[in-house]
1. Within segment 106-136, how many residues are without any contact (Cβ under 8 Å) to a residue 24 or more places away in the chain and closer than 13 Å to Leu25 by Cα?
2. For Ala72, all conditions in the list (1) closer than 19 Å to Pro111 by Cβ; (2) modelled with pLDDT of 75 or more; (3) not basic (Lys, Arg) hold save one; what is the number of the exception?
3. So, of the residues in segment 113-149 that are of a type in the set (Lys, Arg) and either touching a Phe, Trp or Tyr at 6+ places or on another chain (Cβ under 7 Å) or in a helix (DSSP H, G or I) (or both), which turns out to be surrounded by the fewest Cβ atoms within 10 Å (Cβ to Cβ)?
4. Out of (1) charged (D, E, K, R); (2) in contact (Cβ under 8 Å) with a residue 24 or more places away in the chain; (3) part of a loop (DSSP other than H, G, I, E, B), what's the single condition that is false for Glu152?
5. Check Ala44 against each of (1) modelled with pLDDT under 85; (2) within 30 Å of Ser8 (Cα to Cα) and name the one condition it does not meet.
6. So the check is Cβ under 8 Å with 6+ separation or different chains; which pairs have a first residue in segment 1-13 that's in contact (Cβ under 8 Å) with a residue 12 or more places away in the chain and of a type in the set (Asp, Glu) and a second one that's surrounded by 10 or more Cβ atoms within 10 Å (Cβ to Cβ) and not in a strand (DSSP E or B)?
Amino acid sequence: MLSVRGLSVPPVLSAVDLDLSDGELVVVTGDDGAGTSTLLRALAAAWGDRARLLEQPPGTEWSEHDVAGDLADPALFAALGMTSPPDREMWMLSGGERQRVRLARVLAAPPEVALLLDEPLGYLDLLGRRRVLERLRGRTAVVVVKSDPDAELVADRVLVLADGRLSQT
């Protein structure tokens with residue numbers, strides 16, 4: 001279990017408490033500017049090497065000459081809807097392909113590492129989003145989504161961030 005008490009990042013977050021059980025998938029929603037990205041970064045800082053953060057936008061964690069197939073676990077590509085790791089440079093991939101490469105990298109983390117995912121379903125079609133959600137089931141994760149009924153259906157809990165505080169829906 002991972003816990004944080006009284007997490008504050010003025011003026012965005014104030015006294016956030018969160019307990020995350022092993023294998024629990026928590027979806028966090030919030031309006032633009034509510035602080036969902038700030039929440040994930042603060043959790044990553046609080047939990048250190050026990051968490052892995054995937055932020056938006058895609059394209060920031062590789063150089064323009066990185067080859068996609070070298071950056072992720074090839075076994076995860078099929079589960080995410082790609083027949084094989086692309087052998088092209090990252091800048092040559094579509095937004096959906098880049099997102100799948102990024103997700104394959106973070107999903108390769110050991111199961112005991114909590115995943116903190118900021119809008120991981122962006123750039124993906126309906127089938128791609130469902131594949132990602134299937135891979136997240138049973139993983140300890142906090143996932144920020146703006147609005148995705150599928151994500152909310154598979155979540156163990158759905159929380160709303162508003163006025164700097166988390167509340168259960």
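The values are calculated or read from the model by the stated rules, or taken from the named source; none is laboratory data. Here the structure is a predicted model, which is why all the values come from computation and not from measurement. Neighbour counts run over all protein chains shown; Cβ positions are idealised from the backbone, glycine included.
1. 1
2. Here Ala72 clears every test but (2).
3. Restricting to residues being of a type in the set (Lys, Arg) and either touching a Phe, Trp or Tyr at 6+ places or on another chain (Cβ under 7 Å) or in a helix (DSSP H, G or I) (or both), the top hit is Arg130.
4. With respect to (1) charged (D, E, K, R); (2) in contact (Cβ under 8 Å) with a residue 24 or more places away in the chain; (3) part of a loop (DSSP other than H, G, I, E, B), Glu152 is out only on (3).
5. (1)
6. No pair meets every condition.
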